[in-house]
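> Let me begin by handing over the structure; questions about it come next.
The values are calculated or read from the model by the stated rules, or taken from the named source; none is laboratory data. Just so it is clear, the model here is predicted, and its values are computed rather than measured. Cβ placement follows ideal geometry from the backbone for every residue including glycine, while neighbour counts extend to all protein chains displayed.
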Amino acid sequence: MAPVVKSLAEAYVHPGVAWPRLLMDGERAVGFLMAFFDVDWFEDGSCFRSGLWRLNIAAGEQGKGYGRFAVESVAAELRRRGTEELYVTWHPGEHGPENFYLRLGFRPNGEVVEGETVGVLRVR
């Protein structure tokens, strides 16, 4: 998992594409998310996608609904922008986030990128 500082550096390098957000519960930081908008997925201009780039929930805060809230927030922003699908990638494996994303309705689309499963969720 990439540290938040790396995500912020990427957001700085990709203004208008990256959408970093700190997740707060009152005065407590509980997580971080970064979405992406209209990225040239295959780098040839044939396919533009939007989705969840990073999702980090503090270890002691997992299982409390913050991850679901984060994904729903990104989905709401994509709907606001007129986007129909939310993409995410995850490392497969027993301790990975696959079950979390599947419970939220993401479905693997058959693609694998750099060893990660690509999942998609219809938001419209």
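> Could you list, in sequence order, the residues of the range 98-120 that are crowded, with 18+ Cβ neighbours inside 10 Å and either closer than 14 Å to Trp53 by Cα or among the small types (Gly, Ala, Ser) (or both)?
Residues satisfying the conditions are Tyr101, Thr117, Val118, Gly119, Val120.
> Please pick out the residue among Ala76, Ala58 that is under 25 Å from Gly26 (Cα atoms) and touching a Gly at 6+ places or on another chain (Cβ under 9 Å).
Testing whether each residue is under 25 Å from Gly26 (Cα atoms) and touching a Gly at 6+ places or on another chain (Cβ under 9 Å) leaves just Ala58.
> Also, I was wondering about something else. Can you tell me which of Ala76, Ala70 is surrounded by 13 or more Cβ atoms within 10 Å (Cβ to Cβ) and of a type in the set (Gly, Ala, Ser)?
Matching residue, one of Ala76, Ala70: Ala70.
> Here's another thing I want to ask about it. Which of the residues that make up the range 20-53 are exposed (fewer than 12 other Cβ atoms within 10 Å of the Cβ) and either hydroxyl-bearing (Ser, Thr, Tyr) or at positive phi (or both)?
Answer for the range 20-53, where residues must be exposed (fewer than 12 other Cβ atoms within 10 Å of the Cβ) and either hydroxyl-bearing (Ser, Thr, Tyr) or at positive phi (or both): Gly26, Glu43, Gly45, Ser46.
> Further question on the same structure: Name, by its number, the condition in (1) under 20 Å from His91 (Cα atoms); (2) at pLDDT 95 or above that does not hold for Gly65.
Condition not satisfied by Gly65: (1).
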